[in-house]
Amino acid sequence: MSPAEEEKSLPLPERWPRASKFALSACAAAVAELVTFPLDLTKTRLQVQGEAAVHRHGAAAGQAVPYRGMLRTAAGIAQEEGLRKLWQGATPAVYRHIVYSGVRMVAYEHLRDSVLGRSEDKSFPFWKAVVGGMSAGAIGQFFASPTDLVKVQMQMEGKRKLEGKPLRFRGVHHAFMKILSEGGIRGLWAGWVPNVQRAALVNMGDLTTYDSVKHFLLLNTPLVDNSVTHSIASCCSGLVAAVLGTPADVVKTRIMNQPRDKQGRGLLYKSSTDCLIQTIQGEGFMSLYKGFIPTWMRMAPWSLVFWLTYEQIRRICGVSSF
């Protein structure tokens, strides 16, 4: 058998390992995103409540939004806008995770196995896991930033309708085209800096924690590489990711949701640092953790669903465990 014929006879994951892992992680991420999306919408709404900069610029005059907790916000969306609105913005969110999760997972494994390298005992040192997780998250989020921008802005459409403001978008395609026409290519990457910063922190919590906890359990406890080990590691990763990522997520959401001039420049915040300073000065440090509970309550099941699905899909498709 010639080398070309031998290569064709190999299973698809062995012929195109990176493309296969990209597709598998994208499928797992899409499932996790659809299951937990209502919590993401609730989190986004909570993060813009009481936004001090909006009130200073008079953008919300006479339209004060009452403060609500997580459950009241979710119930309010369902009652005032309809149950289906809890999934408003889900389409760009799925697009975003196809790009984001696909890129970050492939990038992390490449960094772990080929660039940074494992130790002689096949363990991955914690500092390398931190570097790999943050780098992979930043790379993945940069490519996915336009879809994240559309997702955030579409999530706020129901709130605009209740406030009597005209809707900005008719759908995902219209949102992309409108943002592109108003702000150019740069407009599609509005808020990419805090977005990438958040993704780096979240992945330091998610990828780094999951990989480190999983292999610690396998090396130091009687647990084997099964769903129990995956569940424990994913629960730890969801909590750490929420703690590290929520402040950057608040900043990212506010920058992405702010009104912009014809040049695509924000009218409320000059940069992510300016947004951070204004938020702390106007609302206090703990405002950076607005939406923490739904963030955590979303990240925990998201992480659980994603990692269990991803590990099982890899096993079914003949790809080695993560």
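The values are calculated or read from the model by the stated rules, or taken from the named source; none is laboratory data. Not measured: the values here are computed from a predicted model. Cβ placement follows ideal geometry from the backbone for every residue including glycine, while neighbour counts extend to all protein chains displayed. Ligands, DNA and RNA are excluded from the accessible area calculation, which covers all protein heavy atoms including side chains. Shrake-Rupley method; radii C 1.70, N 1.55, O 1.52, S 1.80 Å.
Give me a count of the residues in segment 76-96 that are open to solvent by less than 40 Å² (accessible area, probe 1.4 Å) and either of a type outside the set (A, V, I, L, M, F, W, C) or more than 21 Å from the chain's Cα centre (by Cα) (or both). Spell out how you get there, then give the answer.
Taking segment 76-96 as the starting set, the residues that turn out to be open to solvent by less than 40 Å² (accessible area, probe 1.4 Å) are 76-78, 81-82, 86, 88-90, 92-94, 96.
Then drop every residue that is not either of a type outside the set (A, V, I, L, M, F, W, C) or more than 21 Å from the chain's Cα centre (by Cα) (or both), which leaves 76-78, 81-82, 88-89, 92, 96.
Here the count works out to 9.
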| query | Restricting the first residue to segment 217-230 and requiring it to be in a loop (DSSP other than H, G, I, E, B), which pairs with a second residue that is open to solvent by 60 Å² or more (accessible area, probe 1.4 Å) meet a Cβ separation below 8 Å and a spacing of at least six or different chains? | reply | L223/I232
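Considering each of E157, E120, E163, E182 in turn, give the residue that is out of contact with any helix residue (DSSP H, G or I) (no Cβ under 8 Å at 6 or more places or on another chain) and closer than 22 Å to R298 by Cβ.
The unique qualifying residue is E157.
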| task | Please state which one of I185, I179 is among the β-branched types (V, I, T), within 24 Å of G102 (Cα to Cα) and without any contact (Cβ under 8 Å) to a residue 40 or more places away in the chain. | result | I185
| Being at pLDDT below 70, in contact with a Phe, Trp or Tyr (Cβ under 9 Å, 6 or more places away or on another chain) and not in a helix (DSSP H, G or I), is that true of even one residue in segment 50-63? | yes
| Mind checking which residues of segment 259-285 are open to solvent by less than 80 Å² (accessible area, probe 1.4 Å), in a loop (DSSP other than H, G, I, E, B) and in contact (Cβ under 8 Å) with a residue 60 or more places away in the chain? | P259, G264, L268, Y269, S271
| request: Check off (1) modelled with pLDDT under 85; (2) open to solvent by less than 70 Å² (accessible area, probe 1.4 Å); (3) among the polar types (S, T, N, Q) for N203 and give me the number that stays unchecked. | output: (1)
| Can you name the helices (runs of 4 or more DSSP H) wholly within segment 97-194 that have at least 3 residues being crowded, with 21+ Cβ neighbours inside 10 Å and not acidic (D, E)? | 126-155
